[in-house]
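Worksheet for the structure shown next.
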Amino acid sequence: MKIDSFFATRNSRMKASEIRELLKLLDQPDVISFAGGIPDPALFPAEKFRDAMAVALSDGQHALSLQYSTSEGYPPLRQWIAERMTQLGVPCGADNILITSGSQQALDYLGKLFLSPGDTALVGWPTYLGALGAFNAYEPRFDRLDPMGNRSATELRAEAEDAGGRVKFSYLSPDFANPTGITLSLEERQKVLAQAEALDCAVIEDAAYQSLRYEGEDIPPILALELAEKGDLDQCRTIYCGSFSKTLSPGLRIGWVCAARPVIDQMVLLKQAGDLHTATLNQMAVAHVAADGFEDHTQRLCAHYKARRDRMLAALTRHMPDGVDWTHPEGGMFVWMTLPAGMDGADLLAAALRDEKVAFVPGGAFYPDDDGRNTLRLNFSSPDQAQIDEGIARLGRVITAALA
């Protein structure tokens with residue numbers, strides 16, 4: 001029996017995440033890794049989570065925390081998130097919030113909700129690798145999301161129809177995007193909305209890094225801009241995906257969706273068919289910790305990660321040869337590097353591991369068409385400052401040798 005002959009055709013579009021594979025390198029003590037997109041575990045509020053778990057498992061609460069629960073999520077957590085969204089310019093109620101098992105589950109559900117085979121998803125070029133993986137299972141066509149570009153909605157619509165479907169959504173991370181670290185301006189966000197209106201498609205706003213700003217002025221979320229224009233959240237096409245993974249804990253897998261009620265109601269049905277509900281114990285713990293000083297905690301994170309970002313940018317200036325460029329992110333966890341034309345990030349990674357024991361993610365993984373071979377992503381949140389100095393020096397030597 002050849003069991004893979006029974007697999008659905010969609011499986012041919014699914015492949016292992018290069019990032020997940022590269023995370024295995026973190027177990028090798030002699031490798032300095034800029035590959036992961038992970039928080040510094042030293043910053044986890046462990047004591048607060050110990051207290052929160054004790055409360056959730058106490059005699060008065062264990063019947064709730066260890067029991068089946070509603071698919072929408074733990075009500076106090078949904079209410080806290082609704083209040084947080086209101087602070088961000090999106091006044092809403094708990095009924096506009098769905099708790100998910102990380103924002104990655106939200107992306108999977110949104111792909112399932114919107115995409116039929118042959119439909120078009122507009123994404124950044126490059127874009128978050130996890131989004132490509134989530135959407136790929138539903139057999140879409142990917143096209144370039146370029147809010148300041150010259151292609152008209154008529155052209156985008158015609159190309160989508162020629163491919164056998166229609167444009168269903170634009171997907172983007174407007175603040176400190178993974179992988180580039182770039183932030184969209186107010187004008188660019190308005191252009192994304194205008195294009196979506198012209199195409200009559202949804203907007204998926206991935207706000208995983210929104211709380212991690214180190215410099216510059218806050219820019220309203222796209223959902224806030226649309227709500228200010230329309231005045232009714234239930235009339236908004238933007239779907240906001242948030243997460244506690246980059247702030248409180250990635251291991252507890254708590255994310256959320258904030259959207260119009262018709263979207264939330266349909267996603268609840270997907271949740272019921274998927275995993276019934278996100279772990280109640282985890283939700284209760286996150287609700288407790290978030291209510292006990294979320295803003296103070298994120299301020300500490302920002303101070304810590306800003307120092308590491310600054311250290312990496314300074315090291316890049318010292319050690320990179322001419323012809324190498326990189327972004328200056330205002331927040332988040334990543335610097336995006338562009339190598340001279342003709343260089344291949346995958347080949348460079350092989351040489352970097354072999355000769356210098358330093359790791360990163362080759363940029364081609366973040367393109368739907370495997371473009372961008374001369375790019376790479378560097379993470380600055382996980383390595384400490386000494387590792388950043390040494391690792392960037394090693395990387396500079398590898399690149400200089402490759403250019404010789």
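The values are calculated or read from the model by the stated rules, or taken from the named source; none is laboratory data. Predicted model, so just to flag it, every value in this text is computed and none were measured. All Cβ positions, glycine included, derive from the backbone under ideal geometry; neighbour counts span all protein chains shown. When the accessible area is computed, the model is the full protein with side chains, heavy atoms only, and any ligands, DNA or RNA have been set aside. Shrake-Rupley method; radii C 1.70, N 1.55, O 1.52, S 1.80 Å.
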**OP:** Could I get the Rg over Rh figure for the stretch 204-248? Both from C-alpha atoms, Rh via Kirkwood, rounded to two places.
**Re:** 1.02
Subject >> Global geometry of the stretch 43-91, whether rounded, prolate or oblate, following the gyration tensor of its Cα atoms and the 1.5 cut on a/c >> reply: oblate
Original post:
Roughly speaking, what is the stretch gain from Thr400 to Arg151, that is 0.36 nm per residue apart minus the C-alpha to C-alpha distance, in nm to one decimal?
Top reply: 85.8 nm
**OP:** Using the Cα centre as the reference, give the magnitude of the dipole from point charges on the C-beta atoms of the stretch 333-404 (Lys, Arg: +1; Asp, Glu: -1; all else neutral), rounded to the nearest 20 debye.
**Re:** 120 debye
Original post:
Excluding the sites themselves, what is the longest stretch of the chain that contains no trypsin sites (Lys or Arg not before Pro) in a DSSP loop with at most 13 other C-beta atoms within 10 Å?
Top reply: 152-404
Original post:
Where does the stretch 156-284 land on Rg/Rh, using Cα atoms and the Kirkwood Rh?
Top reply: 0.99
Original post:
Any idea how far the Cα center of the stretch 243-321 sits from the one of the stretch 63-104, in Å?
Top reply: 13 Å
Original post:
Along the three principal axes, how long is the chain when you take its alpha carbons, biggest first, rounded to the nearest angstrom?
Top reply: 63, 59, 56
Original post:
Ignoring ligands, DNA and RNA, what percent of the 1.4 Å accessible area of the chain is carbon and sulfur?
Top reply: 51 percent
Subject >> Top of Pro29, Pro340, Pro368 by mean-square fluctuation, Gaussian network on the chain, Cα under 10 Å >> reply: Pro29
**OP:** Enter the per residue convex hull volume of the stretch 249-385, computed from alpha-carbon coordinates, in Å³ rounded to the nearest integer.
**Re:** 187 Å³
Subject >> Rg/Rg_ref, the stretch 232-297, where Rg_ref = 2.2 N^0.38 Å and atoms are Cα >> reply: 1.26
Subject >> Rg to Rh quotient for the stretch 16-143, alpha carbon positions, Kirkwood Rh >> reply: 1.04
**OP:** Putting +1 on Lys and Arg Cβ atoms and -1 on Asp and Glu Cβ atoms, find which of Thr70, Trp125, Leu223 reaches farthest to the positive end of the dipole of the chain.
**Re:** Thr70
**OP:** Please give the per residue accessible area of the chain, computed with a probe of 1.4 Å over protein heavy atoms only, in Å².
**Re:** 43 Å²
**OP:** Label the stretch 131-195 by shape, choosing from rounded, prolate and oblate, from the square roots a ≥ b ≥ c of the eigenvalues of the Cα gyration tensor; if a/c is under 1.5 it is rounded, and otherwise prolate applies when a/b is larger than b/c, oblate when it is not.
**Re:** oblate
**OP:** Exposed loop GluC sites (Glu not before Pro) only (DSSP loop, at most 14 other Cβ atoms within 10 Å): please give the longest stretch of the chain free of them, not including the sites.
**Re:** 1-214
**OP:** Return the calculated 222 nm mean residue ellipticity for the chain, to the nearest 500 deg cm²/dmol, obtained by summing -39500 (n - 2.57) across DSSP H runs with n ≥ 4 and dividing by the residue count.
**Re:** -13000 deg cm²/dmol
Original post:
Ordered by residue, what ³J(HN,Hα) values in Hz, to whole numbers, does the stretch 331-342 give under the Karplus form 6.51 cos²θ - 1.76 cosθ + 1.60, where θ = phi - 60° and Gly and Pro are x?
Top reply: x, x, 9, 9, 10, 10, 10, 10, 8, x, 3, x
Subject >> Cα gyration tensor category, rounded, prolate or oblate, for the stretch 63-117 with a/c compared to 1.5 >> reply: oblate
